[in-house]
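The values are calculated or read from the model by the stated rules, or taken from the named source; none is laboratory data. Treat the numbers as computed from the prediction; the structure is a model and nothing was measured. Glycine gets a Cβ as well: all are built from the backbone with ideal geometry, and neighbour counts include every protein chain shown.
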Amino acid sequence: GNSVTQMEGPVTLSEEAFLTINCTYTATGYPSLFWYVQYPGEGLQLLLKATKADDKGSNKGFEATYRKETTSFHLEKGSVQVSDSAVYFCAGARNDYKLSFGAGTTVTVRA
Amino acid sequence: NAGVTQTPKFQVLKTGQSMTLQCAQDMNHEYMSWYRQDPGMGLRLIHYSVGAGITDQGEVPNGYNVSRSTTEDFPLRLLSAAPSQTSVYFCASSSTGDYGYTFGSGTRLTVV
């Protein structure tokens, strides 16, 4: 079956530090890949996505590139802020539209 | 534009009680899903629907029923609540060709 493996946390950073969260997806064929963010007490919000290999998704200073050869979709941000403190979920879906989620990575940014 | 609306936001049930979690979307999305979120386990798919009148099971369907009589609504029914169903439940919708789901704000359910 399909599965998403996501770097486990928690991750604690200082403001302006570089953030990377690893994600790989195993499936037959190539899925669409997503990063969702969940701020405290809220639902999930789509952060960025890539619908085919070699696509780069970007939003709010975050970037992720769909690496075809490794089916990886690592999330990066060059300079984090306190407001980036949240839980980040990697997810994948094939044409059946059923999202498979990673376990989530809790990120805390200290001032 | 309200997006995906879930009610109630909080609920406490006694073991054996039944209830329905409501989900409505106003974006004319074909795809709708229910997930549960448990600590350290990410989100797991309970049931999903690809259109009105069509539903299917996800990863953890036992103890839950769904129906999709209209495009807008996708209620989740707990038949006989158990403590193992204590969780946060999220409803989500997506349009064909988009894949990116819009999530509701969640229902926090506690079964005692």
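Take the residues of segment B:14-28 that are surrounded by fewer than 19 Cβ atoms within 10 Å (Cβ to Cβ) and among the hydrophobic types (A, V, I, L, M, F, W, C): which is modelled with the highest pLDDT?
By that ranking, first place goes to B:M19.
Just to be sure before I move on: is B:G106 at the interface with chain A (Cβ under 9 Å from one of its Cβ atoms), within 22 Å of A:G92 (Cβ to Cβ), touching a residue at least 40 places away in the same chain (Cβ under 8 Å) and not charged (D, E, K, R) in the structure I sent?
Judged against the criteria, B:G106 is a match.
Do we find that A:G43 is touching a Ser or Thr at 6+ places or on another chain (Cβ under 6 Å), within 14 Å of another protein chain (Cβ to nearest Cβ), in contact (Cβ under 8 Å) with a residue 60 or more places away in the chain and not aliphatic (A, V, I, L, M) in this structure?
Taking the combined requirement at face value, the residue does not satisfy it.
Anything in segment A:46-56 that is away from chain B (no Cβ under 14 Å) and either buried (at least 17 other Cβ atoms within 10 Å of the Cβ) or at negative phi (or both)? List them, or say none. Talk me through it step by step, then tell me what you get.
First, the residues of segment A:46-56 that are away from chain B (no Cβ under 14 Å): A:53-54, A:56.
Correct list: A:A53, A:K56.
Could you tell me whether segment A:4-25 includes any residue that is more than 12 Å from the chain's Cα centre (by Cα) and closer than 27 Å to B:Q57 by Cα?
For segment A:4-25, residues more than 12 Å from the chain's Cα centre (by Cα) and closer than 27 Å to B:Q57 by Cα: absent.
Here's a check for you: in segment A:57-71, which residue that is more than 22 Å from A:L13 (Cα to Cα) and in contact with a Leu (Cβ under 9 Å, 6 or more places away or on another chain) is surrounded by the fewest Cβ atoms within 10 Å (Cβ to Cβ)?
Filtering first and then ranking leaves A:T71.
Every residue, every condition in (1) within 14 Å of another protein chain (Cβ to nearest Cβ); (2) without any contact (Cβ under 8 Å) to a residue 24 or more places away in the chain; (3) among the small types (G, A, S), yes or no:
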| position | (1), (2), (3) |
| --- | --- |
| B:G16 | no, no, yes |
| B:H29 | yes, no, no |
| B:T55 | yes, yes, no |
| B:V60 | yes, no, no |
| B:L78 | no, no, no |
| B:A92 | yes, no, yes |
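Just for segment A:14-30: of the residues that are out of contact with any Gly (no Cβ under 7 Å at 6 or more places or on another chain) and crowded, with 17+ Cβ neighbours inside 10 Å, which one is modelled with the lowest pLDDT?
The initial filter retains those residues of segment A:14-30 that are out of contact with any Gly (no Cβ under 7 Å at 6 or more places or on another chain), namely A:14-17, A:19-22, A:24, A:26, A:28-30.
Next, from what is left, pick out any that are crowded, with 17+ Cβ neighbours inside 10 Å: A:19, A:21, A:24.
On the way: A:L19: 97, A:I21: 97, A:T24: 92.
Across segment A:14-30, the extreme among qualifying residues is A:T24.
Among the residues of segment A:72-79, is any of a type in the set (K, R) and under 14 Å from the mean Cα position of the chain (by Cα)? Break it down into steps so the answer makes sense when it comes.
The first filter runs over segment A:72-79 and keeps only residues of a type in the set (K, R), leaving A:77.
Add one more test, that the residue is under 14 Å from the mean Cα position of the chain (by Cα), and what stays is A:77.
Yes, the conditions are met somewhere in segment A:72-79.
So, in segment A:1-13, how many residues would count as being surrounded by fewer than 14 Cβ atoms within 10 Å (Cβ to Cβ) and more than 10 Å from every other protein chain (Cβ to nearest Cβ)?
Of the residues in that region, 3 qualify.
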